[in-house]
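Trainee: My questions will all concern the structure given below.
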Amino acid sequence: MPGETESRPMPPVLPILPDPADPRLTRRVTGTDQTGAATGISVVEERPLTIYLNAQEIVTAMTIGDYPDYLALGFLRNQGMLRADDVVTGVDYDEEIETVVVRTERQTSYEEKVKKKTRTSGCAVGTVFGDMMEGLEGLTLPAAEVRTSWLYALAREINTTPSLYLEAGAIHGTVLCQRERPLVYMEDVGRHNAVDKIAGYMFREGVSAADKILYTTGRLTSEMVIKTALMGIPVLASRSGFTAWGVEIARQVGLTLIGRMRGQRFVCLAGEERLIRDAALTGEDEDRKHRRKGAGDD
């Protein structure tokens, strides 16, 4: 929870990430190239998943289809519909009808909240229900330091880890990190889906947020910043760019916000005072074959 200082040990089975070789997540499609020659490539799957909270239908998300339980739990947590003290009695996934039902001991009803929707700049689940700023009032994140040596080590490892992006492209990644160590990888067609999967994992496994870094390939928009703050994570880093409102919210809640990370290059627009530059610059850049698109690639 935001403001906690003790870190519980991570669950032993790590990392979680989509298997690039999983035939359920990609499909081989044939076509022609610029010369007219026949060619075939792998493309990521995209399928609907309808999320229910108890008896109420909340939203239908477009997703690659892996970890529906984490996606549902994280989405509901980040929307303020699932509280930190809620007892989850079941998460029922039906692959045939593409639904996941989260059941809690507490009786819930969010009819009024669901009526108020804000379409965001996000993809796949680019919707916020209720007030965009709900939950941020009075929130101050832990003043956790972040070292440039950690950032450089994370960027190298994350960009060379086998992934669906390297296999098929057209996908976003999010990584939960502790210091220079990547802990849990998630990917999806929408950057918000990937973040919600991380949130669901942390909620279900009881993982502390106070000493973590969240890395994403997506843009640092207001919604991405809000999700990270509500998760209680004090550092958000991305290889992509920023929006002005995202920067403003990060400064308001004490979130360290780092973007445009490429090799040893980055820009910090919030939380500069918590950044420790402990690594000498060598001019190292990332290998071109591992580069993802930058700002604007949603």
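Trainee: Any idea how many residues of region 195-237 are closer than 22 Å to residue 134 by Cβ and acidic (Asp, Glu)?
Mentor: Number of matching residues: 2.
Trainee: Scanning for something in contact (Cβ under 8 Å) with a residue 24 or more places away in the chain, assigned to a strand (DSSP E or B) and surrounded by 13 or more Cβ atoms within 10 Å (Cβ to Cβ), does region 64-85 turn up at least one residue?
Mentor: No.
Trainee: Of (1) among the aliphatic types (A, V, I, L, M); (2) closer than 26 Å to residue 273 by Cβ; (3) assigned to a loop (DSSP other than H, G, I, E, B), residue 170 satisfies all except one. Which?
Mentor: Failed condition: (2).
Trainee: Related question: Can you find, within region 173-219, the residue that is nearest to residue 275 (Cα to Cα) among those that are touching a residue at least 40 places away in the same chain (Cβ under 8 Å), of a type in the set (D, E, K, R) and not in a strand (DSSP E or B)?
Mentor: Among those residues, the one meeting the criterion is 211.
Trainee: Same structure, new question: What are the pairs, 6+ residues apart or on separate chains, where a residue within region 19-35 that is in contact (Cβ under 8 Å) with a residue 60 or more places away in the chain has its Cβ under 8 Å from a residue that is of a type in the set (Ser, Thr, Tyr)?
Mentor: So the pair list comes out as 20/26; 20/163; 26/42.
Trainee: How many of the residues making up region 164-186 are out of contact with any Cys (no Cβ under 8 Å at 6 or more places or on another chain) and surrounded by fewer than 22 Cβ atoms within 10 Å (Cβ to Cβ)?
Mentor: 11
Trainee: If I ask for residues that are modelled with pLDDT under 95 and among the β-branched types (Val, Ile, Thr), which ones from region 226-242 would you list?
Mentor: 226
Trainee: Same structure, new question: Hey, any hits in region 187-194 for a residue that's among the acidic types (Asp, Glu) and either in contact with a Cys (Cβ under 9 Å, 6 or more places away or on another chain) or modelled with pLDDT under 95 (or both)?
Mentor: yes
The values are calculated or read from the model by the stated rules, or taken from the named source; none is laboratory data. None of these values were measured; they are calculated from a predicted model. We place every Cβ from the backbone using ideal geometry, glycine too, and count neighbours over all the protein chains shown.
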